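Quick notes on the structure that follows.
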Amino acid sequence: MLMRRLWQWFDERLGASRFARHSLNKVFPDQWSFMLGEVALYCFVVLVMTGIYLTFFFSPSSREVVYHGQYRPLNGVRMSEAYQSTIRISFDVRAGLVMRQIHHWAALLFVAAIVAHLCRIFFTGAFRKPREINWIVGVTLLLLAIANGFAGYSLPDDLLSGTGLRIAYSIVLSIPVIGTWTAFLIFGGKFPAGDIIERLFVIHILLIPLAIMALIGAHLGILWRQKHSQFPGRGRREDNVVGSRLWPTYATKSVGLFAIVLGVCSALAGLAQINPVWLYGPFRAPAVTTAAQPDWYVGWLEGALRITPPFYVHLGRYDIPELFWPAIALPGVTFTLLYLWPFLEEFFTHDHAEHNLLDHPTDRPVRTAIGVGVLTFYIVLLVAGGDDIVADVLGVSIFAVVYTLRVLVIVLPVVTALFTWKLCRDVKASGHVEEADAETEPPIGPFQLPTGEPVVEPVLTGRSTTTADSLSPGRDSDPLQ
């Protein structure tokens, strides 16, 4: 009775019950591809949980020690305290190895889910007005996820991660004018610097995770305010959202999805070995592992370093080394274009209207072709990151593989883009997609439950539906068709 009266007292002053009822009645579309963002969110939750556990046992120190532990092949070997603590986590700490592997698998899936989510947004046009800010937030999340993944990958101070750090040091040095000062600022001295592990640890567990949490909060807040976009279909318009209420249907699906993500990461950790640092040994500056491969999300950068021809430029007192073009210029152009894409498309299409209904990829052949071509370009670079392994498996010269990949990285994206453009035009001309959108509901996906009658929620826009229709450019004048 006391608790009820206390709750009523707070509710009369804060209106909590009205807010709760409004929140629980929030409507989300029933389409499986919209759950990709939640997969990324739940991977991040798994990363935080396992990361907290690992933090209790990891020692981020470059101080040299002698290992004496359960893994006998390394007994008596001098190594950094960071590497020693990683080996102890793997062999001496209860559940340490499985936690390490859950953490690593979740990191790989986290970046993969963000990339898949951004691809879904790109190919369906969900980045258009009024959702440009959320696109920028999503691209920033991808950039931070890659950076934090590399920082965590480098912490164990094994021979493989040390090789990656040495490459990163050389890349920073290649920046014209400020490269030397930037490298000393980040690494704390000439490589191998003694401060880099401690600095990476702070970046990995504190700075970037806090930034990611803030951006996820902003992303969800903007989504909550603007409401979700949706695919065209029966009863769906620019000014409403058709789907399931947050409680109980969507919440049930979301909790089930979290269980699936946690189960998949745990199964992979228990059944598929990843990053066995005890096999690589401690980092030694003169040594390098054979067939050294980074995690997939920086594999394209490794591939660009391997197949880009050497191009050294002298500009007066300053030089631009060969590493600058594939390692600084290419990522810079990549993320700059990603950030600017909503505004570039708006400029070239002259489409300044708000869009709450999504495109089918075949509706925009040019955009879809560009996306497929760009993805092909980076997939070829990813393969190039393992050119030595490809050469060994195929039994051919490494030079033949490199020259072949140099041709493919230029030719294959153009071929796939042209093929995609032609395919989209043909499918669009056949009218099959429009008929399916107009007459049927989308099929139930892997993360959907049958929900019966859909719920409709209005969308507040800055203009009427009639105005939106009149502002939309004609299909014949749209360069993305």
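Could you sort the peptides 145-153, 193-201 by per-residue average Cβ neighbour count (10 Å cutoff), highest mean leading?
Details: 145-153: 21.2, 193-201: 18.3.
Top to bottom by mean Cβ count within 10 Å: 145-153, 193-201.
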Mind checking the full-extension length gain between ARG166 and VAL427? Use 0.36 nm per residue of separation minus the Cα-Cα distance, one decimal, nm. 89.1 nm
Along the Cα→Cβ direction, 7 angstrom out, place labels at ALA329 and LEU206. What is the inter-label distance in nm? 3.8
Based on the mean of other beta carbon atoms within 10 Å per residue, what is the order of 46-52, 92-98, most packed first? 46-52, 92-98
For region 393-406, Karplus-derived ³J(HN,Hα) couplings (6.51, -1.76, 1.60; θ = phi - 60°; whole Hz; x for glycine and proline) come out as 5, 7, x, 10, 5, 4, 5, 5, 5, 4, 5, 5, 5, 5
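State, as an integer percentage, the relative contact order of the chain based on alpha-carbon contacts under 8 Å between residues 6 or more apart.
Numbers: 620 pairs, mean separation 110.0, N = 481.
It comes to 23 percent, rounded to a whole number.
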Assign unit charges at the C-beta atoms only (+1 for Lys and Arg, -1 for Asp and Glu), then state the dipole size of the chain relative to its Cα centre in Debye, rounded to the nearest 20. 1100
Listed highest first by mean packing, meaning other Cβ atoms within 10 Å per residue, what order do 63-70, 401-408 come in? 401-408, 63-70
Relative contact order computed over region 260-377 (Cα-Cα under 8 Å; 6+ residues apart), in percent: 11
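Within the chain, count lysine pairs with alpha carbon atoms under 27 angstrom apart where the residues are 8 or more positions apart or belong to different chains. Write down the numbers at each step before the final one.
Details: LYS26/LYS129; LYS26/LYS227; LYS26/LYS253; LYS129/LYS227; LYS129/LYS428; LYS227/LYS253.
Step by step, the pairs that qualify in the chain add up to 6.
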For the chain, what's the radius of gyration and Dmax over Cα atoms, in angstrom? 25.6, 82
Summed side-chain charge close to TYR312 - residues other than TYR312 whose Cβ falls under 14 Å, Lys, Arg +1, Asp, Glu -1: -2
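Bear in mind that the values in this text are calculations on the coordinates, not laboratory data. As the structure is a computational prediction, the values presented were derived from the model and not from experiment. Glycine gets a Cβ as well: all are built from the backbone with ideal geometry, and neighbour counts include every protein chain shown.
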